[in-house]
1. Specify the residue that is surrounded by the most Cβ atoms within 10 Å (Cβ to Cβ); the eligible residues are those in the stretch 156-187 that are part of a helix (DSSP H, G or I), within 17 Å of the chain's Cα centre (by Cα) and of a type in the set (Gly, Ala, Ser).
2. Which residues, counting only those in the stretch 96-118, are more than 10 Å from ALA317 (Cβ to Cβ) and surrounded by 15 or more Cβ atoms within 10 Å (Cβ to Cβ)?
3. Taking the conditions exactly as written (modelled with pLDDT of 95 or more, open to solvent by 10 Å² or more (accessible area, probe 1.4 Å), under 15 Å from MET272 (Cα atoms) and not in a strand (DSSP E or B)), does ASP206 satisfy them or not?
4. For the structure I just gave you, tell me whether TYR424 is of a type in the set (Phe, Trp, Tyr) and either touching a strand residue (DSSP E or B) at 6+ places or on another chain (Cβ under 7 Å) or touching a residue at least 12 places away in the same chain (Cβ under 8 Å) (or both).
5. Consider the stretch 380-401. How many of its residues are under 22 Å from the mean Cα position of the chain (by Cα) and either basic (Lys, Arg) or within 19 Å of TYR69 (Cα to Cα) (or both)?
6. Can you work out which of the residues in the stretch 55-85 that are more than 21 Å from GLY278 (Cβ to Cβ) and among the acidic types (Asp, Glu) is least open to solvent (accessible area, probe 1.4 Å)?
7. So in the stretch 209-230, with the set limited to residues that are hydrophobic (A, V, I, L, M, F, W, C) and in contact with a helix residue (DSSP H, G or I) (Cβ under 7 Å, 6 or more places away or on another chain), which one is most open to solvent (accessible area, probe 1.4 Å)?
8. Tell me, please, whether a residue that is surrounded by fewer than 23 Cβ atoms within 10 Å (Cβ to Cβ), closer than 18 Å to GLY146 by Cβ and hydroxyl-bearing (Ser, Thr, Tyr) can be found in the stretch 309-323.
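The values are calculated or read from the model by the stated rules, or taken from the named source; none is laboratory data. Computed from a predicted structure; not experimentally measured. Positions of Cβ are generated from backbone atoms using ideal geometry, with glycine treated the same way; all protein chains shown enter the neighbour counts. Keep in mind that these areas ignore ligands, DNA and RNA; they rest on the heavy atoms of the full protein, side chains included. Shrake-Rupley method; radii C 1.70, N 1.55, O 1.52, S 1.80 Å.
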Amino acid sequence: MKSSKLRGKKGLLLLVFPAYDGHHLKKACCTMDYKSHFQGCVDQVKAEGRYRYFANLERKVGDFPRAIYRMPDGTAKEVTVWCNNDYLGMGQHPKVLAAAREALQNSGAGAGGTRNISGTTRYVVELEQSVADLHGKEAGLVMSSGYVANEGALGTLGKLLPHCAIFSDALNHASMIHGIKDSKQEKFIYRHNDMEHLEALLRSVDPSRPKIIAFESVYSMEGDISPIAEICDLADKYNAFTYLDEVHAVGVYGPRGGGVAEERGLMDRIDMIEGTFGKGYGAMGGFITGDAAVIDAVRSYAPSFIFTTALPPAVSAAARAAVEHLKISDIERQRVRRNVTLLKSGLDRIGLRYLPGESHIVPLIVGEPNCCRMVTDILMNEYNIYVQPINYPTVPRGTERLRLTATAAHSPEDIERLVSVLEYLWATNHALQAVA
């Protein structure tokens, strides 16, 4: 069988592949059953107990963490949500809703396109000023999501720094891994929160090379917090650029909601802070803050920013209202701290093991995917408690878990009921006893 070569306009070789005549091509096409192939892929995920089922939930304003669960048979019931990232209940705060309504009435539903083509609404401009002030930085840049912010920023920073070496925590989010991969620069993965390993890797690289240390403050699947000060010390010692993901911390930590770095007095030592409006602020979108020149470089080079439609006015206004409110209000943060303490104390009392991180996230370990799904099904079907199982590849096999979040909107009675139900399930179910 001969080879066929496809050449560009200037004669450059683009592709080499086997050359088929019409008979061979038709025969090859007929042997591939695409639908069956992809169904097999889905069946494999189901067999491993890690298929993701989406719950049809409708949150009701003023009644969170209650929601209406609409079942496949068309019936509905009220459930209590225990795995939501709206940690402070800001998604239904009166100030946030009022800001969204006003922007919707003033400017309509959509942004109209990318910021370069359609212009930037004043709501986005004010939001960027708000987050820059939040972190004490010269500038901010708003993107369509926290994922896009990480992917765009890290990919662009790496590409713009010649021969850059990027040091990434082993448990960094998929969006950070995506951005680092897109940079096409050499990466070094250090063991989670292991400063000795990080320093050994930093020491192994030519001192003259640009370096980025990329890490998170709160690791959402572990519930622990990184040693930010120690990482900054190593960055100073080895002349590295610090990139901190605070998506699970903004709004929730610090006197103004600036995150763990603010709470620990370390914001000025971080070169770039990335965050989201989709968790503690109860809205949608992502952002980065830092020196004006660095932010402008990302704005000018990141394809995921340049070619993406801007956040709509109502979302931008809602996010800004949440950020500004939490700069001056600590009530929501106090409620979260109280509720997390109550939840952890309750789990300690009944002897259920959870990862003992210092954050507001409580990962309750089950350890087997099908068992994890069974627990969540029982909680939903019999007790009207909504929790999603967290399975591989989000977490390593054998560490499957329920990721519990006691928000500012939960009551002490909600917490006591959850703990009581979990105690009963673990006491009466042999499968759970076997993996406990």
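1. Applying the filter and picking the extreme gives GLY179.
2. Within the stretch 96-118, LEU97, ALA111, GLY112, THR114, ARG115 qualify.
3. Judged against the criteria, ASP206 is not a match.
4. For TYR424, the condition - of a type in the set (Phe, Trp, Tyr) and either touching a strand residue (DSSP E or B) at 6+ places or on another chain (Cβ under 7 Å) or touching a residue at least 12 places away in the same chain (Cβ under 8 Å) (or both) - is not met.
5. Residues meeting the conditions: 6.
6. GLU78
7. ILE225
8. Among the residues of the stretch 309-323, at least one is surrounded by fewer than 23 Cβ atoms within 10 Å (Cβ to Cβ), closer than 18 Å to GLY146 by Cβ and hydroxyl-bearing (Ser, Thr, Tyr), which makes the answer yes.
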